[in-house]
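Since the structure comes first, as structure tokens, the remarks are kept for the end.
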Amino acid sequence: MVRWKTTFDGRARDTHIARHNKIYTIDQASALIGEPNCRCAVVPVVPE
Ligand SMILES: [Zn+2]
């Protein structure tokens, strides 16, 4: 699982801001990330 991190620089998409800090599977995240000019990142979630 990964946590979505939106880059808040005033140009982030609203849909991406809504994803900030949400948890996704790697498959979901890789399908969502990588849009043109998207500067979001995902970081691995360490299970507790
Ligand atoms: Zn983005």
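Laboratory data are not the source of any read-out in this text; all were calculated from the coordinates shown. Note that the coordinates shown come from a computational prediction; the quantities given were computed from them, not determined experimentally. Positions of Cβ are generated from backbone atoms using ideal geometry, with glycine treated the same way; all protein chains shown enter the neighbour counts.
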- the chain: relative contact order as a whole-number percent, Cα under 8 Å and 6+ apart: 54 percent
- Would you pull out the residues with amide H under 5 Å of Val42's amide H, same chain only if 5 or more places away, H placed 1.01 Å from N? Lys5
- Estimated distance in nm for a label pair at His20 and Arg39, the labels positioned 7 Å out from Cα along Cα-to-Cβ: 1.3 nm
- From phi via Karplus (6.51, -1.76, 1.60), per-residue ³J(HN,Hα) for region 35-48 in Hz, x at Gly/Pro: 5, x, 6, 7, 10, 5, 9, 10, 10, x, 9, 8, x, 7
- In whole Hz, what ³J(HN,Hα) sequence does region 11-26 give by Karplus (6.51, -1.76, 1.60; θ = phi - 60°), x for Gly and Pro? 10, 5, 5, 4, 5, 7, 4, 5, 8, 4, 6, 7, 9, 10, 6, 4
- Task: Work from the charge dipole of the chain (Cβ charges, +1 for Lys and Arg, -1 for Asp and Glu, about the Cα centre) and give the residue of Ile26, Ala12, Met1 farthest towards its positive end.
- Result: Ala12
- Given H placed 1.01 Å from N in the peptide plane, which residues other than close sequence neighbours of Lys22 have an amide H under 5 Å from its amide H? Trp4
- Hey, can you rank 10-23, 34-47 by average C-beta count inside 10 Å, highest first? 10-23, 34-47
